[in-house]
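Novice: Dropping a structure here in structure tokens format, bear with me for questions.
The numbers here are math on the coordinates, done by the rules we state, and not lab data. Only a predicted model underlies this, so the values are computations on that prediction, with no experimental measurement involved. Quick reminder, even Gly has a Cβ in these numbers, built from the backbone with ideal geometry, and neighbours come from all protein chains shown.
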Amino acid sequence: MAHWESVAPTMIAPVTGSPAMHCGPTQAKHAASCTGVVPSTHQSGDCDTHGRITKRGSGELRAMLGEAAHHAARANHPLNPYFRKLCAKRGYRMTVMAVAHRLLTGSVAAL
């Protein structure tokens, strides 16, 4: 059984059950926001800073996306080039969340 086959059922219920998911072209961004895999934003005047992920929504879904994102470190994974490039630049933990965000937005776009 592929790892994404165990992540998919966990992802479908929270993502499709939210009323924010029926907003048209920004649907994937709303899914990422509702799941909490986006950075928090603090703005004041011209200053714009980004912090840790918001951790809103399902913790179980975030954990499953994180596990699926760890598999991108494997050499035969389609997201491995993106993972390696970002890991060298930002570090492993931030890269895992970035790949989890990409997996979620890509999956929602495919729905």
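Novice: I'd like the Karplus ³J(HN,Hα) series for segment 29-39: coefficients 6.51, -1.76, 1.60, θ = phi - 60°, whole numbers in Hz, and an x wherever there's a Gly or Pro.
Specialist: 5, 5, 5, 5, 5, 5, 7, x, 9, 10, x
Novice: Give the shape of segment 33-109 as rounded, prolate or oblate, defined through the alpha-carbon gyration tensor: a ≥ b ≥ c are the square roots of its eigenvalues, a/c under 1.5 means rounded, and otherwise the shape is prolate if a/b is larger than b/c and oblate if not.
Specialist: Here segment 33-109 falls in the oblate category.
Novice: As a footprinting exposure proxy, order Cys87, Cys34 by other Cβ within 10 Å, with the fewest listed first.
Specialist: So the ranking, lowest neighbour count to highest, is Cys87, Cys34.
Novice: If you don't mind, another one. When the chain is fully extended, how far beyond the present Cα-Cα distance does Arg90 get from Arg56, taking 0.36 nm per residue of separation?
Specialist: 9.9 nm
Novice: So who's got an amide H within less than 5 Å of the one on Ile53, skipping anything under 5 residues away but keeping other chains? H placed 1.01 Å off N, in plane.
Specialist: Those qualifying (amide H under 5 Å, at least 5 residues apart or on another chain) are Ser40.
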